[in-house]
1. At R0 = 35 Å, how high is the FRET efficiency between Asp165 and Leu195 if r is their beta carbon distance? Nearest 0.05 is fine.
2. For segment 137-219, which trypsin sites (Lys or Arg not before Pro) are both in a DSSP coil and crowded by at most 15 other Cβ atoms within 10 Å?
3. Which shape class applies to segment 99-242: rounded if a/c is under 1.5, otherwise prolate when a/b exceeds b/c and oblate if not, where a ≥ b ≥ c are the square roots of the Cα gyration tensor eigenvalues?
4. For segment 82-125, rounded, prolate or oblate, judged on the Cα gyration tensor with a ≥ b ≥ c (square roots of eigenvalues), a/c < 1.5 rounded, else prolate if a/b > b/c?
5. Within the set of other residues whose C-beta is less than 9 Å from the C-beta of Ala137, count the net charge using Lys and Arg as +1 and Asp and Glu as -1.
6. How much net charge surrounds Val122 when only other residues with a Cβ under 9 Å from its Cβ are counted (Lys, Arg +1; Asp, Glu -1)?
7. For labels at Arg208 and Tyr146 in the simple 7 Å Cα→Cβ model, what's the distance in nm?
8. Mind giving me the nanometre distance, one decimal, between the label points for Lys246 and Tyr132, set 7 Å out from Cα along Cα→Cβ?
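Every number in this text was worked out from the coordinates using simple rules, so none of it is lab data. Here the structure is a predicted model, which is why all the values come from computation and not from measurement. Reconstructed Cβ throughout: ideal geometry from the backbone, glycine too, with neighbour counts over all protein chains shown.
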Amino acid sequence: MKRIISILLCISMVLFPLVSCKKPDEVSKHNYDDIGNIPGDYIFNTTASRYRSQNDGARLLKYNVHSGEWSYVCNDPFCTHDSDKCFFYGGPAASFTYIGNNIYFVKMNETKGKYGIYAYNVSENTGSYIYYFDRSAYAKLIAYKYKLFFEEEGYLRIVDTKKFDVLTYEKPYRTSLMMIRNDEIYWYKAGARDLEYIITDLSGNRIRECNYVEYFNGFRYRMDKEDGYFFAYDLYRSSDGEKYEKVLDHVGPVGVYGDKLLYFNASPYLADEKGMIVKENRDEQISDLKLTELWVCDPDGSNRKMLVKDLNFTELPLNGTNPMICGEYAGIVIRKESPVTAEERECNEDLLIVNIYTGDYFTVRPGI
C-alpha cells in the first residue's frame, strides 16, 4: 500500500542547495541566491564513532573542497581535540553554521559567565563573540547571506555579521525556525499532526500557511513508496498541489542543491547477498535495497547524470543544521561498515565530496 511521504522527511542527506565557491561576480550563473549562501573554501563536519553521540567525542573538522585534504578547525599543535580543553570540542562541533570561511556557534564565555555566539575565521585563525544571550540559551543558528537568524525568548533575532547590528522581530506564535529560501522564512507550526508551515518575510511578517515546502519557483515535491521494494521511492512534483507529475522513479534519498536535484539510485540486493524480507501481514516477498549510485538532474528530472558509482554503503546519517555545501561541491557522510563491538572507538565514517557539475569527487576518511 502506497504512502505519501514528504520529501523533507525522506531525505537523509542535506536539504540545502549549493552555493558557489567562485568569485562573487560569477555566482549568479548557477542561481544560488535562493538560499543566500556565501562562497568559501571548505566543507565543515564532525567525525565520531557510530556509538558516540554528537556531544561525546565530536571534533570539528574542515575539508578543503579543492584538494580533499582535512584538518581540525582547532590548529593548536599541542591540542588533542578530544576534551573540553579544545575550544571546538563537543557543543560547538554538534551545532554550528558557517558563512564563507567563518564558523558560528553558541559557546559559554567563562570570563563573562554568559553564553554567546562565537565567530571564528578558519583562514585567518581569529575569533570573537559577536552576540550575548541575556540568559543561558541554546540557539539554532541559520545563516542567510551575511546574516544569522535565530530564536530567543519568543522573538526572531537577526545578527548582521558584517555590521554587527541586531534586529528583533515578533515570531509567529507557537512556531519553530526551520529554514530560509528566496528571502522567505519557513517555520514549523507547533502541535500539527501533519507537517505544516508558516511562511514569513525576513522580518517575520506572515505571508501564508501551507503543508508543503516549495522548491524551484513554487513547485512542491512528494515521494511515494514503490510497491515490491523495502526502500525505493518515486518522486513527484506539482505546481498547484492537485496534479502531480512523476520526476524520478526507483530512488533513495533526494536532496535539493541550488538548481539541481541530487539523488541516490536504489538497487536491490541479490538473494544470496542479503536474502528477502517478508512484508508484514503479506505473503509477498520484497527486495531489500542498497544505494550504489549518486545521480544529479534538473528539477523536472531531465539531464540526468551519474556522478559516482559502486558506492555500496549502508546508511546516510542525518547532518542536522549543517548544510555540508560549498560552491559546486556537496559533502555527504557515508558509513561503509559497522564496528565489531560497541567499545570500538575507530572512526568508520567517510566523507564523499563531489562536484555536482563535473562529477569530480574525493572520498576522505580522517585519520583519527
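1. The pair Asp165/Leu195 has a calculated efficiency of 0.60.
2. Sites meeting the loop and neighbour criteria: Lys140, Lys162, Lys163, Arg174, Arg193.
3. prolate
4. On the way: a/c = 1.70, a/b = 1.38, b/c = 1.24.
Judged from the Cα gyration tensor, segment 82-125 comes out prolate (a/c at least 1.5, a/b above b/c).
5. -2
6. After counting each charged neighbour, the total is -1.
7. 3.2
8. 6.0
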